[in-house]
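Values quoted throughout were computed directly from the atomic coordinates according to the rules given, and no laboratory measurement underlies them. Worth saying up front: this structure is predicted, and the values here are computed from it rather than measured.
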Amino acid sequence: MAELCRAALPEIRAIECQLDHDEALGRNRVYLRQAIGEALWRLQYTGDADTAAKAVARVRAISGSPPSILATRDEKGSCGVGTDVWFLKLDASVDLMLADDFEAGDHPPRFLDLVNHPDRLRNYLTELRLSHLAKDGIDRRKELNFATADLVRLILRQRPRGYSWDPRLENVVRNFVAEWQDPRTGFFGADYEIDGQRWRTVDLSMTFHMARYLDGRIGHWQRLIDTLLAIRDDRYPNGWLDAEGMTSHNNYDVAVLFSLGWQQLRADQRRRAQQQLDHLLRWCLGTAVTPDGAVAARAVGEALPESYYFTIAFLDTVGFFNPAKRFWTTAEFPRAAALRAGLEQRVCELHPGHPMVPMALARLRG
């Protein structure tokens, strides 16, 4: 697997560079992005080198063919037409299925039936929490992150429209989340069994998802913020930084956690949060985005529409565009109107079929 990663990752990164070019021209390359997502998951989270090699070969074959018009949903109603992995199909579908204008049409989302029963959902989520790397070679962290973030939203919000979730699932979700949160750190994360011991991790992305999608109604906020501040210089997912440093995606997660917990923070926590938010905003305006609205710093492997969304979402969360949202400062931002206009122009040049495009525009125009 290590040899395969060394050979495949540079090739995949080169394909992603071409995708960046295509997306900047307004082309829809979601199918290939989904195939790359499956290949990277198999390379980085599983020990099955043969299947991973086949996934890489599939990416190579798709990237070498001219883009074609493909079905947007498969026979079971998922929008993950570029992957065969269930949780990746779920994640590819969630943003579209949460939209008010989603129509099932001739392809109802039957793939959701897999977890549409209290016992099946409970067993599925419980099994994802703990990885047994020495036994099966599978790190369940990514699936746990995606599946919980997606199912919490779909089930609690009763989406997609026209699909009937078992009414008992809400209690399953809420009980699972309450049990999952670590009272010592306030964080959510993946657990690992190593030499007969169970180890807990703190995970920025999972904690953001649970806090945001439950509208901040989780426990242990002061411990959560203490942990959040303590992991500032650590590597994602257990800290704020990616391999190349700061990203708008992670900074957005951090800003949301500060905003959701603000009313429950101690005075010293608020002072430190203010300092960090000021630092993140200065980095965003000085490094992540140009004065005319072009995204200049991105997370590795992030699609261009995603990069615009997370940059805009961070600025929106800290109140850069709207003084009413400046929970942490009374500062004025005279560049806000010009930057908003520049970002909107850039986003409008992207393919409107990518779910992050309307989401980014809603943030800018809301």
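What the table shows:
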{"read-out": "Alpha-carbon Rg/Rh ratio, for the range 85-226, with Rh computed the Kirkwood way", "value": "0.98"}
{"read-out": "Percent RCO, i.e. relative contact order, over the chain, from Cα pairs under 8 Å lying at least 6 residues apart", "value": "13"}
{"read-out": "5 angstrom amide H check on residue 322, placed H, neighbours 5+ away", "value": "none"}
{"read-out": "Reference-scaled alpha-carbon Rg (2.2 N^0.38 Å with N residues) for the range 221-366", "value": "1.02"}
{"read-out": "CD proxy at 222 nm, helix term only [per DSSP H run n ≥ 4: -39500 (n - 2.57); per residue of the chain; nearest 500]", "value": "-17500 deg cm²/dmol"}
{"read-out": "Backbone HN-Hα couplings from phi across the range 183-198 [Karplus 6.51/-1.76/1.60, Hz, Gly and Pro as x]", "value": "x, 6, 10, x, 9, 10, x, 7, 10, 10, 9, 10, 6, x, 10, 9"}
{"read-out": "5 angstrom amide H check on residue 242, placed H, neighbours 5+ away", "value": "236, 247"}
{"read-out": "Once the Cα gyration tensor of the chain is diagonalised, semi-axes √(5λ) in Å", "value": "30, 27, 22"}
{"read-out": "Most mobile listed residue (148, 51, 311) in the chain, GNM with C-alpha springs under 10 Å", "value": "51"}
